[in-house]
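Notes for the one structure printed next.
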Amino acid sequence: MKINPTIKLTLLLLVIMSGVGTASAYLAYNVGYKALQGVNQPPTNPAKKLKKTANLSTKPTEFVPVNEKTILIKVYDHIHQEEKSNSKSSKKKSKNDDKKAKKTSQSDSESVSITNLPIRVQDSGVTLEVTNASKKAGNLLLNVNLRNEGDNEFKFLYSFLEVKDNQGRSLSAITEGLPDELPPNKERFNGTIKIPTALMSQVESISLNLTDYPDQKLELKLSKIPVVR
């Protein structure tokens, strides 16, 4: 029985194709195996880490409000730095300007001696004293001093200085020269409290109330301070 030459050719082609496919598969397997020899399986499943991270991110957190005392301390430190920079710049003025300012202040000011001054108050070793009162350019000027004879240092924020008239109404005031920090060295620190007199036409006396900041451990309160006319 003779085999058709076409069938022979077909069978030969099939054998050749099978051999080439087998050889290609073998070569591809060897190349892939060698390429993956340095690759190891991760010790943990990355999907688990992503799941844990997602759970943590979606977990609600408790709202913690900012402490009011911390905010006030930061505001105090900011104001303290500004006051220090302003005091440094004022010291750079020339002596001629200082002389002119003294002459102007002498001509514009009116100093009045008051019999019940000085008056003082003391608390926790700290003394606040009003030594003199005068009137200048529509302002009542009180010469005051602070001294710490105790064992602890105190800090002050003079924007919290409480000034009231004899009718209980609050008055605005500006302090100059008083220290922000009062060390326990018995040194006397002099300063001035300036109070506008525009709303004091019928005021006979005023009171001062100063406390340390932010602890508020002491209270320095002076009353019946006469108003200069």
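No lab work stands behind these numbers, since they all come straight from the coordinates. In this text the structure is predicted, and so the values were computed from the model without any measurement. Heads up, the Cβs are rebuilt from the backbone with ideal geometry, glycines too, and the neighbour counts pull from every protein chain shown.
At a glance:
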read-out: ALA137 paired with ALA23, simple spin-label distance in nm, labels 7 Å along Cα-to-beta-carbon; value: 10.8
read-out: Using a Förster distance of 35 Å, the FRET efficiency for ARG120-ASP77 (Cβ separation, nearest 0.05); value: 0.70
read-out: Mean Cα-pair separation over length for the stretch 120-226, i.e. relative contact order, pairs under 8 Å, 6 or more apart, %; value: 30
read-out: Peptide ranges 167-178, 147-158 listed from the most packed, as the mean C-beta count within 10 angstrom indicates; value: 147-158, 167-178
